[in-house]
Every structure is written in structure tokens, then in C-alpha cells.
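What follows is a set of notes on a single structure, which appears directly below.
Bear in mind these aren't lab numbers, they're just calculated from the coordinates by the rules spelled out. Here the structure is a predicted model, which is why all the values come from computation and not from measurement. Using ideal geometry, Cβ is built from the backbone for each residue, glycine included, and neighbour counts are taken over all protein chains shown.
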Amino acid sequence: MTTLEVTPYQEFRGTDRSFDWYMLPFDKVGSCTGPRTQKHIVDQVRSTDITDVFVFAHGWNNDWNVATKRYRDFIDGYLGLRRERGLETGRPLNPLLVGVFWPSTALVVGSEEGLRIAGGATDDRAAKHALRHGEVEAVAAELSERALPRFYELLDRDEISEIEALDLKEMLKPLLERTSEDDPAEFMANGDEESQGRQGDPTVATWRSYGAATPEERREDPHKIAEQVADFGRVPAAEPLVGASVLGKLDPRRILRLVTVQLMKDRAGTVGAKGVAPLLVELLGAANHQDTRVHLLGHSYGAKVCLSAVCYPSALPRQVTSMLLLQPAVNHRCFADDEYGRGGYHAALDRVNLPILSTYSTHDWPLRHVFQYAAHRTVDVNEIRIAADGRPDPYSALGGYGPWGLGDRAKLVDVRLPDERYNLGADAPHVYGVRASSTISGHGDINNVSTWWALDNLVTADPRGPA
């Protein structure tokens, strides 16, 4: 039986040599569906003079064509920046590129449209069509066969009653009761029976809150922007969003969009923990090249893929060299360690050698205005909240509000452009929240000179001493 040779997906030409880009696919439970390619990649690192391995992870709702185009455009842009400005690495550079591909599509409507669609479609027929071909099927696959007839019945309505919403919640229980490793554990159980009695069912209250807030209203953003707050420590409790739980319409299509956001968030974590983590351990443990640098780059839910890969193993053979998170769709307190709790990705601070660069933008409408509605779990009894003091809702996104809860281990900085460099030395914080509103105009706008420059800073930095 003939075995086909493993070949790169594409070859790029650098300033002085060519280098290979491989695509590595995973299924929804994190199994690598290209095991020979994975073995070939690790063997290359082990047996050749590879100096740097770059692992890219795309965001949600990217099909193969969109994901590979994003990777190609980013690589081309970065190489173009290096050529245009004559950038030097200061050391030999022989890279190998790995593009992760994971099943992130629930809506077949184009790149990164899922979160934007979650704001509500203007054409009701188009919304139903998109749902029937994506969201409904994705969620239905997670439910019991017995629940499906009633599930489809409710999803065919324009509006459901409170009792029907509770019925829908019961069907969705397998999804809604999952916990998320990027949230501080305290947020998952911070209520009591008295508060539940005042608010009614917390999940339905969240659904109503989202139904009450139109896309136009949410664009005005009642939160004070996080970059105005210099203190990462304790802040007073937030105020409830008055009237939202009363005025909201229970539209089952909008509810399913929120649930799909959550479903894909969970899937990204699974792919990172069960699929990319074993790859990462193999790359870091390649016997003959302990000095090979490994860089992780994740966009949107791809950031969750990267963070889960780094934090899920009980230990790593050695530190990952760098991590660049572009508009990460994870909790803004995922790195936290303070009186409010420890974030599930706190371990990344010691498992990544250089400071983590994490962009956030006030123009990222999905991560500023939608993510927190979808991220609520049934065990949480908080309604969506605004804060006069600038504290985001507990479930707000890192890519919308920057990192919180880290004290002096994190720092907010303005996005850098050539030739101003980030301080990545021994005295730098563990995480930079990069204010990128001036260069990132939307959730998918992450392929530009500022992001290429951020990567170049990480590639050319001298590694710090091991943790």
C-alpha cells in the first residue's frame, strides 16, 4: 500500500530562504485529523535547523477558505513589513508555520459574521434561513433526540412566553451548565436563593436583557471604557441595567444565537486542550532543539484555542516563547488573581516566556456589546450590569475591555507602530493590554501594520529567564 508523502500547504519566500507552512486540522472533540502531518511537523523540528515555530489559530465561523486566507494575508503582510523596512532579526531565522484548522462554523454567512449576526438580522426571512442552515443544527446536535421535536417547534416561533423559555432552557441544560475555564471560578456561583427570587430565572433574565438592548442602543456603550481606569485592583460593585429584564422580547432565534456563541467558545477550548496541547507538548519537548522558539498567535476564539493549549497540560516541557492574542474572545479576567478570584488561564503567565500581547479595541462591537450576554451560564444570577466606575460586566471580553485583576503584572499601553518598540525585557509586566482602537476598526480587522509590528517585536526580543 502506497503512502502519500506529507507536503507543505504552501511555501513562502523570506529575505534569504524559503520556509514551509503546514495546515493541521482538528475535529470538534479535539482529535487531529491529520496525524501524519502532525508527526512530520514534530520530526522537522526535531531533526532540522528550525529556529522558530509559529502556531496560528483562527476565530469562529471561519471555513477552510477564510481561515487559510487570513493566515496567508497575515504572513504576507508581516513579510512585506520586514522587507519594506529592512528589519533585522539579529539571529539566524529558519521558521516553520502551522495553521490550525478547527470546525468553527455555525453560520454559513462569511468570515467572523456570527457575533455580528448575534445583534439581530434585519431581514427576518434571511435570519431564519441562516439559522436553519447553521445555528439550529449545531445546537440540536448537542441535545437529546427526545427533546428535538419540541426544540424545533419553539425555534419556529417569533416570540416565546416565559414558560416556554423555561422549557427551552431545560432542553439546553447540557450546554448552559457547562463551565468555562477562562472565567474566574467565583463568577460561576455568586448568587443566592433570595436574589434568584427577586430576579426570576437568571437565564431568562439574561435573554430578556439581550432582547431589550437593540444594536443601535448597544453601540452607544453604557460602560466607561476600560482604558480610562488605571487601577486593576478592587472596584465597587456595578449597577444593574435598569428595566432590561422587563422590556426584553424572548425571541428564540436571538436566544439560539447567544447559545451558539457559547457552543463555539466551548469547542475552541476543547480543540485547544485536547488537540493543540499535545502538539505543543511535542514541539516543546523535541529532544534535539530545546532552544527552538515556539510562538502562538490566536484571533477571537483562536485565542482561547491557544490559551487552552498552554494551560491544560499539567506541565509543559519548557516555556512557550511568545503569545500574541488579537481581539481575544475570552473573559477579561481570565488571567486574574485577586480578591475576586483567579482566572482559569492564570497559569499562562508563567508558561509564556515573553510578555503576552493582547489587543483590545472600543470598535470591536461583538466583544464590547454581545459577548457578555452569551457568556452567562445558568449558575450565574447577575443580570447584565453597567458600572459608573468603569468596571465591565463580569463576563465581558478581553478583546473589548483589556485585562483586569492582575495588579502590576499587567499594564495597559497604546498600540505601537514602527519604529516604537514594546518593552519586553525582564522588568516588563506579564501581560500587556494593547489599546488598539486607533488601528483595529472592528473584530476582524487584525491584519495591519500594528499587528505585524507586534509579532516582529516578539520574534526579535531576547527571551527572559525561565520562570
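Summary table below
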item: Segments 167-173, 343-349 sorted - mean Cβ within 10 Å per residue, highest first; result: 343-349, 167-173
item: Calculated FRET efficiency for the pair ASP337/ARG157, C-beta based, R₀ 51 Å, to 0.05; result: 0.70
item: Whole-Å distance, taken between Cα centres, linking the stretch 427-467 and the stretch 23-81; result: 20 Å
item: Net lengthening on full extension, ARG13/ARG464 (0.36 nm per residue, minus Cα-Cα); result: 159.4 nm
item: Theoretical FRET efficiency, 1/(1+(r/R0)^6), r = Cβ-Cβ of ASP43 and ARG91, R0 35 Å, to 0.05; result: 0.90
item: Pairwise FRET efficiency - ALA428 versus SER314, Cβ, R0 = 22 Å, nearest 0.05; result: 0.20
